[in-house]
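The numbers here are math on the coordinates, done by the rules we state, and not lab data. This structure is a prediction, so every number in the text was calculated from the model and none was measured. Note that we place each Cβ from the backbone using ideal geometry, even for glycine, and neighbour counts take in every protein chain shown.
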């Protein structure tokens, strides 16, 4: 297919894509929410999230080694379940969770940018700024692979350096003491369920590694480099997350971290560095969210294009010219805009976490039941990944059902609509079963 260029992404480019997605939504939008659920020792939750993600990544690395593909997870699911409702629905869950992630990043961009102009009083501007960023991401994405790779790699490096400077500066001001954030009043006691639920959000902050699998066939020497890129991206992100979480924890009481949960990094910079620190942090947040959204839009439009080519999802041109991938790019951006306008940050993150964990479990089950010999996967590791996902998902749904049942309802409706919609679509548009080539 002319849409995919083999060897157009280097190992460094792939790591740039992975960290580009991860270190945007992850730390800026979710740190305060993780603190709210986990309480005093919230930085440690990122380690737990990294471990759970490590077990999860095993299935994806094994699949990528066997089936490097520009369709990534869509291709993996097809190899496990064939061309049917499960494959199409789980791939759509992944795609929608990625679009939700884009709207999360877009709102984060708006929230942090407003810290330069008076913050909360101008809250109505958050979705407007978010939509503006999504339009910019669309324009960058229609300019081609080489530019995206160069842009995301340079920007990923810049924001990682910036965040490490922020974290080390914050820890230096606090005397490098690794002490938990004090209560600071108004903080609810964490329960075991809420601490486990916090892991779900940290998993969301690591899930950017799947971006790499979605560009599998375009990476140089994919059978070797996809796995390397995934491991490197998760490791780099974990180190950055830990440093930042400890810096925030050392400089702000827990109550203030939770109060400023949508922009807690900017708030933590204030006692350490004053207004200059806030500006520095906001500029890094802007750089990080821009690179994150460009990388994520790039990946999800590719995946939707592949599902369309496999005739697993309906496609309408709406009079648009050009390739299918350009059309899926438009759909991706429009849906992300709608979500960015309708939902606030914590609700977007929660729906994204639920959809992603459900999809992740479907992938692990497919590897365990249908492909473990073919991809040479160790059942014990895949079963562990499944169990960890199930525990985290159950705790997260329980906590949300008690505190914000609408989120659980919206997530269930999303999942049902996707599965029922795909079942009806495939029933009226049957796809012939075939061994789909993986050499795009």
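Things worth noting here:
- Three principal axis extents describe the C-alpha atoms of the range 189-288; from largest down they are 47, 37, 18 Å.
- A simple spin-label model places pseudo-atoms 7 Å from Cα toward Cβ; at residue 173 and residue 224 they are separated by 4.5 nm.
- Values of log10 I(q)/I(0), in the order q = 0.06, 0.12 Å⁻¹, for the range 11-428 under a Debye, Cα-only, solvent-free model: -0.21, -0.90
- Note on residue 427/residue 279: beta-carbon distance plugged into 1/(1 + (r/R0)^6) with R0 of 56 Å gives a FRET efficiency of 0.50.
- Modelled FRET efficiency - R0 22 Å, residue 383 with residue 192, Cβ distances, 0.05 increments: 0.45
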